[in-house]
Amino acid sequence: MTVGAVRIGRPNPAPLDEHRQCGRATFAARRLSTSRLAVAVTGDIDACNGRSLGRFVEQHTGISRQLLLDLRAVDFAGTQAFTALYYISVHCARSDVDWVIVAGHPVRRLLSICDPEGELPLADDLTSGLDHLTRSARCHQHVSSAG
């Protein structure tokens, strides 16, 4: 009889560094540390690839505790981009992954319309996004050591 491990809850982790072309966008994942992942998107996020973006992030956050979603090079963000961001938000909440979005004008414009209350974690630039994740990690360490 063969016995093997079965993963429950999270999909099998994808390779550590990967680029994927999907429609008019390229998704790239890169491990920044053992617990921090960066996903960068270039091109257009639209009906053709919005769902794929959500799945790409889900596949790559398997062992991560933090996600930096770099959308600064997105040229167009359709409504499916917001759907993807919402999906990523739910996935990160369920998987206990701290995350932050760093975005350029097209994504910021979309979020100003679809997320006027600022529920999604949006940083002004890359430095403040990384600082946000560092503060989140410290907060979790403090809570863990106190409990």
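The values are calculated or read from the model by the stated rules, or taken from the named source; none is laboratory data. Here the structure is a predicted model, which is why all the values come from computation and not from measurement. For neighbour counting, all protein chains shown are included, and Cβ atoms are generated from backbone atoms with ideal geometry for every residue, glycine included. Protein only, heavy atoms only, side chains kept; ligands, DNA and RNA dropped before computing areas. Shrake-Rupley method; radii C 1.70, N 1.55, O 1.52, S 1.80 Å.
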| If you check L122 against the conditions, is it surrounded by 17 or more Cβ atoms within 10 Å (Cβ to Cβ), within 22 Å of R31 (Cα to Cα), without any contact (Cβ under 8 Å) to a residue 40 or more places away in the chain and not β-branched (V, I, T)? | yes
| query | Could we say that L16 is in contact with a Lys or Arg (Cβ under 8 Å, 6 or more places away or on another chain), of a type in the set (A, V, I, L, M, F, W, C), over 15 Å from V107 (Cβ atoms) and at pLDDT below 95 here? | reply | yes
| said: Looking at the structure I just gave you, is R65 under 13 Å from the mean Cα position of the chain (by Cα), at pLDDT below 95 and open to solvent by 70 Å² or more (accessible area, probe 1.4 Å)? | reply: yes
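Given the residues A81, A123, A73, which is the only one that is closer than 23 Å to D17 by Cβ, in contact with a helix residue (DSSP H, G or I) (Cβ under 8 Å, 6 or more places away or on another chain), small (G, A, S) and at pLDDT 95 or above?
Details: A81 fails: closer than 23 Å to D17 by Cβ; A73 fails: in contact with a helix residue (DSSP H, G or I) (Cβ under 8 Å, 6 or more places away or on another chain).
Exactly one residue qualifies, and that residue is A123.
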| said: What are the pairs with Cβ atoms under 9 angstrom where one residue, in segment 51-66, is without any contact (Cβ under 8 Å) to a residue 24 or more places away in the chain and within 23 Å of A77 (Cα to Cα) and the other, located anywhere, is among the acidic types (D, E) and not in a helix (DSSP H, G or I)? Sequence gap at least six, or different chains. | reply: none
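Going through I45, I88, I101, I113 one at a time, which residue ends up being modelled with pLDDT of 95 or more and either among the basic types (K, R) or farther than 25 Å from R20 by Cα (or both)? Step through it out loud before you land on a result.
Working: I45 fails: either among the basic types (K, R) or farther than 25 Å from R20 by Cα (or both); I88 fails: either among the basic types (K, R) or farther than 25 Å from R20 by Cα (or both); I101 fails: either among the basic types (K, R) or farther than 25 Å from R20 by Cα (or both).
Within the list I45, I88, I101, I113, the selection yields I113.
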| field | Whichever residue in segment 74-90 is touching a Gly at 6+ places or on another chain (Cβ under 7 Å) and open to solvent by 30 Å² or more (accessible area, probe 1.4 Å) and, among such residues, is nearest to H132 (Cα to Cα) | value | Y87
